[in-house]
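Please treat every number below as a calculation from the coordinates, not as lab data. Keep in mind it's a predicted model, so treat the numbers as computed, not measured. All Cβ positions, even for glycine, are placed from backbone atoms using ideal geometry, and neighbour counts span all protein chains on display.
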Amino acid sequence: MREIKAEYIGEIVYSLCLDVSFRLPPDVQKCIEQALSAEESERGRNILNLLLENAFLAGENSVPICQDTGLFSVMLFVGKDTFISGDIRYEVEDAVRRATADGALRASVASNPLGERKNTGDNTPVGITCSRHSLEGTYLGLMAKGGGSEMGSAIKMLSPSSGIDGVVEFVKEVVSTKGPSACPPLFLGIGVGGSFDLSARLAKTALMAPFDIDDVPLFILDAGGGQRSGVSKKCEEAILNAVNMTGIGPGGFGGRMTCLGVRVFEAPCHIANLPVAVCLNCHALRRKIVQI
Amino acid sequence: MLKEITTPFKPELIESLRCGEDLLISGFAFTMRDASLSRTSKLLSEGMPLPFDLDCSLIFYAGPTPPTRDKPFGAIGPTTSARLDGYLEMLFKLGVAATLGKGPRTAEAVLLHSEYMRVYFAAVGGLGALYARHVRSHEIVAFPELGCEAVSRVELDRFPALVAIDSEGRDFFQKEYRTWSGSFSD
């Protein structure tokens, strides 16, 4: 058995919080650069260039990429024969608290959603998920997700007969109504199947894998009980085409490049259901996975 | 050369701005968003005085990151305007001349612009590090307990924005989406 101490996880969470807040991931950078050559709108191209300039300034000066430094979520993908000792929640939240203070990150958590919504002041509590996969190696993922793009996320329980067309139509409807204010060009994580809750988990997890390679690391899929088949990839392509015909464009100011990447994760589901969850992410897809 | 405008905004200036115009905005603005607008609305409904004067002002829908050692904040940028549309008429009645935020607004909000002869400026979401170079100072003027949602007075320095809804109610976004929707030209 391999033991991983919770304190060690805390140390990594601390550095990842600062890393994702200040530095745009290389795959995201690459996607924006590719979009530049495909964008037909001049204003759209100007905005894509501004996104790259903003990312450069943020990285150079250790300034947040966006004033909405987001809600942090921690995802542990634990391999076989491995256990974690200690208090994960305590260590993770202590790390987020310290990173928020040291990095001058914005505190964006409202304590009681239906009450006075008092700001907790330190970005805690933190959502932590821990899933197990049957492969070697343990990985830690951290995501900082802004409220503007999360606002556009949606879930719908479709009938099995809806099929790919139904999924594409639903995603297009979500992006058309919520996409313009979600800081496009967007990244879309789509969870299809599973259950009500699993589809949402799959959708968010789908955003964790790099967008500049075709294959998704197996531990990400395996840990979430997901799969990405040839049909999933066909669905990704159909969604990308449909969404890039909405005209929303970079920054929502009109253009072709409304979406930079789509990932569809599927999971087996009940014979009566076809759950679909759409996780919208802004152009600043701030997340990182490291092996621990 | 882009047109440059400075706050406070007189009605003649507001009425001269045209939908789709790119501008550089300078001068003082107030930051407001969900919690501070809710607090303002509550004070008004209780007949209480407001701790700020919004006549001819610009409201910047924003919640910046905290101050750093040498700067008033690290990043600042627009938040979603449509989410705050329920408070727009209240702001116009208080004399607000213009709002600055991101994204299209609801149909009802678009109409309010022609009714009150006001404008809406749109900026790009997710450029907080870049926009921080166009905002010079930051001073909390009300509700400090709201943290990043407090009302603050910021000084804009040639802040780039677009007239997205003009005082005749023309809407930049709807026009653009009609232009760009559909298949790629090739």
Seminar exercise, completed: Averaged over residues of B:66-77, the number of beta carbons from other chains lying within 10 Å of each residue's Cβ is 5
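Any chance you could list the semi-axes, whole Å, largest first, of the equivalent ellipsoid that the Cα gyration tensor gives for the range B:52-94, using √(5λ)?
26, 14, 6
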Problem set entry | Distance (nanometres) between label positions extended 7 Å along Cα→Cβ at residue A:290 and residue A:157 | 4.1
Seminar exercise, completed: In nm, the gap between the two label points placed 7 Å beyond Cα toward Cβ at residue A:165 and residue A:132 is 4.3
Exercise. Which percent of Cα-Cα pairs in the range B:3-180 sits in each 5 Å bin, short to long?
Worked result: 1, 9, 18, 23, 22, 15, 8, 3, 1, 0
Seminar exercise, completed: Long-range amide H partners of residue A:262, meaning residues 5 or more apart or on another chain whose placed amide H is closer than 5 Å, are A:188
Problem set entry | Derived scalar couplings ³J(HN,Hα) [the range B:61-75; Karplus, 6.51 cos²θ - 1.76 cosθ + 1.60; whole Hz; x for Gly, Pro] | 6, 7, x, x, 6, x, x, 10, 4, 10, 9, x, 6, x, 9
Problem set entry | Kirkwood-type radius of the range A:119-214, with distances r between different C-alpha atoms, in Å | 15.6
Exercise. Using modelled backbone amide H atoms (1.01 Å from N, in-plane), which distant-in-sequence or interchain residues come within less than 5 Å of residue A:132's amide H?
Worked result: A:78
Seminar exercise, completed: The set of residues whose placed amide H lies less than 5 Å from the amide H of residue B:60, leaving out same-chain residues fewer than 5 positions away, is B:30, B:31, B:32, B:100
Exercise. Say R0 is 35 Å: what FRET efficiency, to the nearest 0.05, do residue A:62 and residue A:177 get from their beta-carbon distance?
Worked result: 0.45
For this session: Could you work out how far apart the two model spin labels at residue A:118 and residue B:48 are, taking each label as a point 7 Å from the Cα in the direction of the beta carbon, and quote it in nm?
Result: 1.7
Problem set entry | Links that overshoot a 18 Å alpha carbon limit, given the list B:3/B:93; B:42/B:93; A:118/B:71; A:118/A:204; A:156/A:234; A:5/A:288 | B:3/B:93; A:118/B:71; A:118/A:204; A:156/A:234; A:5/A:288
Seminar exercise, completed: Over the range B:67-159, the quotient of the Cα radius of gyration and 2.2 N^0.38 Å is 1.16
Exercise. Within chain A, which cysteines find no other Cys whose Cβ is under 4.7 angstrom from their own?
Worked result: A:17, A:31, A:66, A:130, A:235, A:259, A:269, A:279
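What average count of beta carbons from other chains do you get within 10 Å of the Cβ of residues in B:172-183? Before the final figure, lay out each step's value.
Details: counts 2, 7, 1, 1, 11, 10, 2, 5, 14, 10, 4, 4.
Mean partner shielding for this stretch: 6.
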Exercise. Given that compact globular proteins tend to follow 2.2 N^0.38 Å, what is the ratio of the alpha-carbon Rg of the range B:1-88 to that value?
Worked result: 1.27
Exercise. To the nearest Å, what is the center-to-center distance of the range A:216-234 and the range B:129-184, using C-alpha atoms only?
Worked result: 39
For this session: In whole Hz, with x marking every Gly and Pro, tabulate ³J(HN,Hα) for the range B:162-169 from phi via Karplus 6.51 cos²θ - 1.76 cosθ + 1.60, θ = phi - 60°.
Result: 10, 6, 9, 9, 9, 6, 9, x
Exercise. What is the Cα convex hull volume of the range A:2-291 when expressed per residue in Å³?
Worked result: 129
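With an 8 Å Cα cut-off and a minimum separation of 6 or more residues, compute the relative contact order for chain B in percent.
That works out to 30 percent.
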Exercise. So what is log10(I(q)/I(0)) for the range A:181-292 at q = 0.20 1/Å, when the Debye sum runs over its Cα atoms only?
Worked result: -1.04
Seminar exercise, completed: Ignoring trypsin sites (Lys or Arg not before Pro) buried by more than 15 other Cβ within 10 Å or outside DSSP loops, the longest site-free run in chain A is A:119-292
Problem set entry | Residue-averaged [θ]222 nm for chain B, counting only DSSP H segments that reach four residues, each worth -39500 (n - 2.57) | -6500 deg cm²/dmol
For this session: Per residue of the range B:99-116, in order, report the coupling 6.51 cos²θ - 1.76 cosθ + 1.60 (Karplus, θ = phi - 60°) as ³J(HN,Hα) in whole Hz, putting x for Gly and Pro.
Result: 10, 10, x, 10, x, x, 10, 5, 4, 5, 5, 4, 4, 4, 5, 6, 4, 9
